[in-house]
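The values are calculated or read from the model by the stated rules, or taken from the named source; none is laboratory data. Note that the structure is predicted; figures quoted are calculated from it, not measured. Ideal geometry is used to build each Cβ from the backbone, glycine not excepted, and the neighbour counts take in all protein chains shown. Heads up: the accessible areas ignore ligands, DNA and RNA and are worked out on the full protein's heavy atoms, side chains in. Shrake-Rupley method; radii C 1.70, N 1.55, O 1.52, S 1.80 Å.
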Amino acid sequence: MQRDSAELKSSLRLCVLRNSASFVDLKDLKGRANGGWVHYNIADMIQRRPTRRITFGDEAHGFVSIGGDAPVSVQTMTAGFTHEIDKCVAEILKLSAAGADLVRVAVPEKKDTAALKEILPRVPLPIVADVHFHFQRALEAIEAGVHKIRLNPGNISDRSQVRDVIQACKAKKIPIRVGVNEGSIVERKDKQKRLKELGGIFSSDKHGHFLAIMITKLEEYLDIFREEDFHDVVISAKSIDPLLVIDAYREISARFDYPLHLGVTHAGPRETGTIRSVAPLAHLLCSGIGDTIRISYASDPVYEVEDGLELMYVLGLRPRVGAELIACPTCGRIQVDLFRLVQEVRKKLAEEIQLPIKVAVMGCVVNGPGECEGADIAIFAGDRRGIIYVQGEKVANVREEEILEALLKECRAFQDRVERGEAKLGEKKVDILPPDPIGELGSGWGKVSGTALPVVK
Ligand code: SF4
């Protein structure tokens with residue numbers, strides 16, 4: 001039941017506007033207003049779309065579930081050669097330490113699948129074999145003990161070969177991701193078919209044609225899995241076009257109950273790839289679509305993991321691990337080197353703090369008090385000085401060169417107190433009285449007017 005391309009295209013335009021699961025009904029918010037303020041949490045409003053749950057892994061590598069009510073997992077892919085065993089292991093360990101739930105490796109050659117036998121005993125998390133063109137690589141990877149297979153319908157089109165892989169996975173209870181990708185979706189062998197497909201793509205309705213090809217090929221491919229009575233399937237449909245990604249996943253989500261692997265393919269370097277990736281992924285996740293994600297950068301894959309996890313945290317889809325850092329962008333009022341300070345704080349927090357302590361680094365008293373009230377540990381700066389607060393209580397007023405160490409000292413001590421049960425995260429004890437910016441902060445840019453907040457007894 002193929003929808004025509006115009007209909008598919010129009011659904012994209014609509015879907016950008018119809019993100020009903022994450023829309024906030026203003027009347028509803030008014031009704032829930034509490035003392036003049038509205039409190040809502042986007043995570044409470046995200047209704048995840050029900051999908052099948054698949055679980056894979058083993059005792060040695062841990063188990064990962066994708067779909068159902070399992071947390072949205074974050075995955076990535078090694079950038080180096082799989083057959084360079086020590087380097088590959090080192091890269092997987094680095095990605096695991098960064099927080100990846102599973103890691104994919106490319107197996108283009110037999111020496112890569114041969115390496116898996118040595119790699120698998122040395123890594124702590126499930127490994128996925130990324131297979132293109134050669135179905136034998138999938139069979140070898142399965143034999144080597146890999147935990148999941150990724151196949152691309154765009155380049156293993158021989159149904160008998162696909163059936164062989166499915167049966168091998170079935171025997172070992174290994175799931176398969178079926179991934180269509182804009183870069184390899186157009187027919188390459190059959191010239192007639194290729195010309196027809198390219199004709200659509202180079203038409204004015206390129207977007208709709210791509211979407212139609214993606215869905216058609218996915219449906220054809222998934223028929224093979226259904227015929228083989230194999231249902232441990234994860235689906236992906238990636239494109240470099242964020243809007244096509246949104247529409248493709250919405251379409252797939254409406255058609256299948258398989259868990260979905262979200263991603264924007266070939267998103268570019270991190271500097272630009274972040275927006276290209278996060279814009280559609282956040283949209284889909286807020287709509288309840290997506291069970292695992294991979295952010296793809298032309299960069300160290302550690303960033304893919306870090307940014308994927310941060311996306312989960314800010315959407316409230318996973319509990320935060322490690323400190324949360326808030327920092328002001330600085331402006332003409334700044335009187336310390338805040339950019340340097342923020343980078344140093346970020347690095348140290350990642351190394352030393354495991355609890356989700358909220359830390360605010362603010363440049364001055366304009367927004368400093370508000371952010372510091374909401375943070376567990378906070379500093380706002382003045383003229384080459386900084387005042388440090390712990391849950392709203394002022395604990396130190398130090399020179400600029402002492403801020404980093406003084407802030408970290410408070411973070412470490414606070415973490416220890418939380419672990420001993422003597423303090424609670426997110427518990428504010430007092431409201432902050434904005435200090436006199438000319439007085440104790442020694443700022444020269446003038447006194448801030450306004451009414452001091454009342455002290456909470
Ligand atoms: Fe500027 Fe102060 Fe706001 Fe930072 S907190 S951006 S320094 S006004």
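Counting pairs of alpha carbon atoms under 8 Å apart in space and at least six apart in sequence, what relative contact order in percent does the stretch 82-175 give?
Numbers: 134 pairs, mean separation 23.3, N = 94.
That works out to 25 percent.
Scaled to the compact-protein estimate 2.2 N^0.38 Å, what is the alpha-carbon radius of gyration of the stretch 283-344, rounded to two decimal places?
On the way: Rg = 15.4 Å, N = 62, 2.2 N^0.38 = 10.6 Å.
This ratio for the stretch 283-344 stands at 1.46.
List the pairs from K117/K170; K110/K170; K94/K148; K238/K358 whose alpha-carbon separation is above 27 Å, in the order I gave them.
Numbers: K117/K170 20 Å; K110/K170 22 Å; K94/K148 20 Å; K238/K358 35 Å.
Cα-Cα > 27 Å for K238/K358; rest within.
Quick one, can you get me the convex hull of the C-alpha atoms of the stretch 51-163 expressed as volume per residue in Å³?
Details: hull volume 12.0 nm³, N = 113.
Enclosed volume per residue, from the Cα hull, is 106 Å³.
Compute the distance from the alpha-carbon center of the stretch 328-393 to that of the stretch 101-160, in whole Å.
Centre-to-centre distance over Cα atoms comes out at 46 Å.
Sorted by mean Cβ packing within 10 Å, highest first, what order do the peptides 255-265, 376-386 take? Please report the intermediate quantities before stating the final value.
Values: 255-265: 21.7, 376-386: 24.8.
Highest mean packing first, the order is 376-386, 255-265.
What order, most packed first, do the peptides 152-162, 65-75 have when packing is the mean number of other Cβ atoms within 10 Å of each residue?
Working: 152-162: 16.5, 65-75: 20.5.
My ranking of the peptides, most packed first, is 65-75, 152-162.
Given a 1.4 Å probe, how much area per residue of the stretch 305-409 is accessible, in Å²?
Details: 4560 Å² over 105 residues.
Dividing the accessible area of the stretch 305-409 by its residue count gives 43 Å².
Counting other Cβ atoms within 10 Å, which GluC sites (Glu not before Pro) in the stretch 375-424 have at most 11 and lie in a DSSP loop? Before the final figure, lay out each step's value.
Working: sites: E393, E400, E401, E402, E405, E410, E419, E422; in loops: E422.
In loop regions of the stretch 375-424 (DSSP not H, G, I, E or B), the sparsely surrounded GluC sites (Glu not before Pro) are E422.
Among 288-300, 266-278, what's the highest-first ranking by average C-beta atoms within 10 angstrom per residue?
Working: 288-300: 22.0, 266-278: 17.5.
Taking the mean over residues of other Cβ atoms within 10 Å, the ranking is 288-300, 266-278.
For the stretch 204-302, I need the span (max minus min coordinate) of the C-alpha atoms along each principal axis, in Å, sorted largest to smallest.
The Cα atoms of the stretch 204-302 stretch 44, 36, 24 Å along the principal axes, largest first.
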